[in-house]
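The values are calculated or read from the model by the stated rules, or taken from the named source; none is laboratory data. If you're wondering where the values come from, they're calculated on a predicted model, not measured in any experiment. Using ideal geometry, Cβ is built from the backbone for each residue, glycine included, and neighbour counts are taken over all protein chains shown.
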Amino acid sequence: MARTTSPPPPEDLAEKIIDIDVSEEMRGSFLEYAYSVIYQRALPDARDGLKPVQRRILYQMNEMGLRPDRAHVKCARVVGEVMGKLHPHGDTPIYDAMVRLSQPFAMRVPLVDGHGNFGSLGGDDAPAAMRYTEARMARAAQLMVASIDEDVVDFQSNYDGQETEPEVLPAAFPNLLVNGASGIAVGMATNMAPHNLGEVIAAARHLIAHPDATLADLMEFIPGPDLPTGGTIVGLDGVRDAYVKGRGTFRTRATVSIEKVSPRRTGLVVTELPYNIGPERVVSRIKELVQAKRLQGISDLKDLTDRNQGLRLVIELKNGFNPEAVLEELYRLTPMEESFGINNVALVDGQPRTLGLRELLQVFVDHRLEVVRRRSEHRRAKRRERLHLVAGLLVALLNIDAVIALIRESEDSAQARERLMSAYELSDTQARYILDTPLRRLTKYDRLELETERDQLNKEIEELTAILESDTKLRRLVSKELGEVAKEYATPRRTVLQESTGETRSAAIPLELGDDPCHVLLSATGLLGRTAGDRLPPVYEGLRTRHDSVAASVPTSSRADIGVITDLGRVIRVPVLELPELPADSADAPPTASGLPVSDFVELAEDERVVSVAALDNDGPGIALGTAQGVVKRVASDSPPNKDDFEVINLREGDRVIGATQLVTGEEDLVFITSEAQLLRFSADTVRPQGRPAGGVAGVRLPEGARAIWFGAVSVPEDSVVLTVAAGSTELPGTGAGSAKVTPFEVYPAKGRGTGGVRCQRFLKGEDSLVLAWVGRAPARAARADGGPIRLPDLDQRRDGSGEPLPRAIATIGTGRHDTHVAAGTPAG
């Protein structure tokens, strides 16, 4: 972008001499050069994480159709297309950028699928010339250009104005954080570490759901970088500084094991090296130190690296030397331990900025929200255009005879178009479309097809409009798409994180956060939360900000997944770490500390409800489910691999799951309560476990018109109570709120499965059915619709006694304890 001045005409060369201030000219030229380097070469855009040359490579490969399902083509062909159309620089930097995009040891998620010699770790071996190598887009690269033809990003002219190129790619995953970046500009540089795709997307989804999330919240999902070559990061203080300020330094170590390399020798086996460090560099440095006698105890060094087993350096030790002491010397003196300086400089709105972790995620989230919004607007506009044409064609089909006669009587197509527009109030576009439609499209079958298409277009337009008019739905869609990307492309973490302990050897910490024990609670009003620790007070007192009761509880750990069970028989996987942590003491709890709605974590159908939670991949006796038609089923609690949503029961037509519970011993009492005020108690071991596709067996016998309203399990009969609520008639004074009854569970005898059970409450005048029921460990809790508590009657020892009239209607019921595995089914009726 150097400035040029037009030379004077030849005839004036002898007469005109222009005086130029050399210092001013150099200053201006240098600033233009610096601007070009910063914005056109060295720094990535914070939205898609790509430098201009990388963006042009991926865009041009997409334009060439080099998708993963196509054959590889010569890299020289790609480089020529990029250089000729988009990148006005030499072929060497283009090919170098293309090579890096394909290297699995440089990119955490490679974007180019290379075929041939694309170099080696640390640059020890140079890649082959581009006339020999071949390439195509990697599967992940399709995510970078997805929907680019749907007006999701702005385009700009290329260097000569004959082509267009995107200013930024749609980028369906946070590429800048996942793959990192490095570049040296004028007066500034960038050096960003790669991260784990699954962790970064989890943090991005958390930020989408919680826009006010703090850096500490996000670091629960992203504990540190995840380098492509693995290794160990020693000292996390620098990582935290980088996440806060955008700059920091950490040390990376090789992964080494102490093994018996021969019958008489012990050796150090290196299987992973620090980022950007190759084995040849390590080998040459060790040999130099041994020859200079600065490193003692090494008898032999072998590089056994190959394509099958990967990196493997075997350092054989002399007898009498401590392997751990030699290893510490290797860390100190060789590239087996290196420093990595993070400098998160990227372009934001065309300006270079130093960004922390939260800012990097926020820029990407804002970009994806804008991309999905523009995509939805484009799709809605396209569907409206098509709907306009379909509506016109349907008008012609409804008046087909008159339309044909009108066209035949017209002098030419222009007159026919004008007459169609006038006769049937059609637009010019609709009239042209009708005239261009072949007669074979005017059959009765095609009319049915058009009507179906019209209805489908209207439905899709409504869905897209709902997304565009609701920020919540837009965010939910973006989060869902990110979750699908993580599900398909996420891989386990490779880099181990260690907290630094000064001069002494660092103590290893887990790759991720500790897998601490906890309990997941489902409240009667559908709130999910987790409590820390494996031993908690037996009574969950509830928070002063709202009164609620526990509908279901399951012990698990913070790194595990739990299954949310719905009344349609579905189990939906939810990571425990995403659930809010409930405070142990409610004295100073914030208003939201009682949990978040289930709908924040799972997508439910309009008429679908959550009935319980259960641990997945549990070795226990499984899960017991009960339905409104009296069916009971036991199923193993193991979840199918690679499935976040699956069915556990084949429901009959019109049936629903009313309760589910995770069995602990398999000898619990299973309990049904029906609308006819019948209670059936039988042992869980009488129900044979079945596979997920099975439909269950007979649980409780129901008379015509009756249904089961509650199902669960009781593990401690002597400490459990039965709470039932009968419906009252609004026509009788004083009975509109109904009546409630609390009875010890032990007064109800066990009966055989498939029987009708025993009566558990007699109806008062005006009452004809039970509407709410619950069985579990005391104390029982009830609340109004506004969350306020309702006092329940005292314990009634009569098994089939009548209830006590209630002053106000009950909305939710449940237990005050969290150390129970009983699922309350649908406690709100």
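Let me confirm something: among Gln162, Gln156, which residue is under 30 Å from Arg380 (Cα atoms) and surrounded by fewer than 22 Cβ atoms within 10 Å (Cβ to Cβ)?
Only one candidate passes the filter, namely Gln156.
Being crowded, with 18+ Cβ neighbours inside 10 Å and not in a loop (DSSP other than H, G, I, E, B) is the filter here; which residues of the range 760-786 pass it?
Leu770, Leu772, Ala773, Trp774, Val775, Gly776, Arg777, Ala780, Arg781, Ala782, Ala783, listed by residue number.
Condition check ((1) closer than 30 Å to Ile201 by Cβ; (2) over 33 Å from the mean Cα position of the chain (by Cα); (3) modelled with pLDDT of 90 or more) across all residues:
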position	(1), (2), (3)
Ile222	yes, no, yes
Val239	yes, no, yes
Arg251	yes, no, yes
Ser262	no, yes, no
Val283	no, yes, yes
Lys287	no, yes, yes
Gln296	no, yes, no
Ser299	no, yes, no
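Looking at Ala486, is it touching a Phe, Trp or Tyr at 6+ places or on another chain (Cβ under 9 Å), outside any loop (DSSP other than H, G, I, E, B), modelled with pLDDT under 80 and on the phi < 0 side of the Ramachandran plot?
no
Please determine, by comparing only the residues of the range 451-466 that are surrounded by 16 or more Cβ atoms within 10 Å (Cβ to Cβ) and of a type in the set (A, V, I, L, M, F, W, C), which one is nearest to Leu477 (Cα to Cα).
Going through the qualifying residues, I end up with Leu464.
Sort through Ala677, Ala727 and tell me the only one that's at pLDDT 90 or above and of a type outside the set (Ser, Thr, Tyr).
Matching residue, one of Ala677, Ala727: Ala677.
Can you tell which of Ser413, Ser470 is over 43 Å from the mean Cα position of the chain (by Cα) and surrounded by fewer than 17 Cβ atoms within 10 Å (Cβ to Cβ)?
None of the other options fit; the residue is Ser413.
Which residue, of Gly230, Gly278, is buried (at least 19 other Cβ atoms within 10 Å of the Cβ), over 21 Å from Leu317 (Cβ atoms) and touching a Gly at 6+ places or on another chain (Cβ under 8 Å)?
Gly278
Here are some conditions: (1) touching a Ser or Thr at 6+ places or on another chain (Cβ under 7 Å); (2) in a helix (DSSP H, G or I). Asp366 meets all but one. Which one does it not meet?
Against the list (1) touching a Ser or Thr at 6+ places or on another chain (Cβ under 7 Å); (2) in a helix (DSSP H, G or I), Asp366 comes up short only on (1).
Quick test for you: out of Gly691, Gly699, Gly666, pick the one residue that is within 25 Å of Gly801 (Cα to Cα) and in the same structural domain as Gly757 (by TED's automatic domain parsing).
When all the criteria are applied, what remains is Gly699.
Would you check if Pro170 is farther than 16 Å from Leu482 by Cα and not hydroxyl-bearing (Ser, Thr, Tyr)?
So Pro170 fails the test.
Would you call Asp217 surrounded by fewer than 20 Cβ atoms within 10 Å (Cβ to Cβ) and of a type outside the set (Phe, Trp, Tyr)?
Yes.
Run down Val657, Val716, Val648, Val664 and say which single residue is at pLDDT below 90 and under 33 Å from the mean Cα position of the chain (by Cα).
Of the residues listed, the single one that is at pLDDT below 90 and under 33 Å from the mean Cα position of the chain (by Cα) is Val664.
Could you please let me know if Val371 is among the hydrophobic types (A, V, I, L, M, F, W, C) and modelled with pLDDT of 90 or more?
Yes.
Here is a list of conditions, (1) crowded, with 20+ Cβ neighbours inside 10 Å; (2) among the small types (Gly, Ala, Ser); (3) in a loop (DSSP other than H, G, I, E, B), and Gly238 meets all of them except one; can you say which number that is?
(3)
Kindly indicate whether Val256 is under 30 Å from Pro104 (Cβ atoms), surrounded by 14 or more Cβ atoms within 10 Å (Cβ to Cβ), touching a residue at least 24 places away in the same chain (Cβ under 8 Å) and touching an Asp or Glu at 6+ places or on another chain (Cβ under 7 Å).
No: the conditions fail for Val256.
Report those strands (runs of 3 or more DSSP E) wholly inside the range 616-734 carrying at least 1 residues which are in contact with a Cys (Cβ under 8 Å, 6 or more places away or on another chain) and within 22 Å of Lys751 (Cα to Cα).
Hits in the range 616-734: 669-674, 678-683, 720-726.
Condition first: of a type outside the set (A, V, I, L, M, F, W, C) and touching a residue at least 40 places away in the same chain (Cβ under 8 Å). Now tell me which residues in the range 704-723 satisfy that.
Passing the criteria: Arg707, Gly712, Ser715, Pro717, Asp719, Ser720.
Which ones in the range 183-214 are more than 13 Å from Glu578 (Cα to Cα) and surrounded by fewer than 18 Cβ atoms within 10 Å (Cβ to Cβ)?
Residues satisfying the conditions are Ile184, Val186, Gly187, Met188, Ala189, Asn191, Pro211, Asp212, Thr214.
For the range 66-88, enumerate the residues that are part of a loop (DSSP other than H, G, I, E, B) and closer than 20 Å to Gly116 by Cβ.
Those that are part of a loop (DSSP other than H, G, I, E, B) and closer than 20 Å to Gly116 by Cβ: Leu66, Arg67, Pro68, Asp69, Arg70, Ala71, His72.
For Arg108, state whether it is farther than 30 Å from Arg358 by Cβ, among the basic types (Lys, Arg) and part of a loop (DSSP other than H, G, I, E, B).
Judged against the criteria, Arg108 is not a match.
Scan the range 419-464 residue by residue and report those that are touching a residue at least 24 places away in the same chain (Cβ under 8 Å) and not in a helix (DSSP H, G or I).
Leu426, Ser427, Thr437
Based on this model, can you work out whether Gly814 counts as buried (at least 23 other Cβ atoms within 10 Å of the Cβ), modelled with pLDDT under 80 and part of a strand (DSSP E or B)?
yes
Against the condition of a type outside the set (D, E, K, R), without any contact (Cβ under 8 Å) to a residue 60 or more places away in the chain and either surrounded by 13 or more Cβ atoms within 10 Å (Cβ to Cβ) or closer than 30 Å to Phe250 by Cα (or both), how does Val395 come out, does it pass?
Yes.
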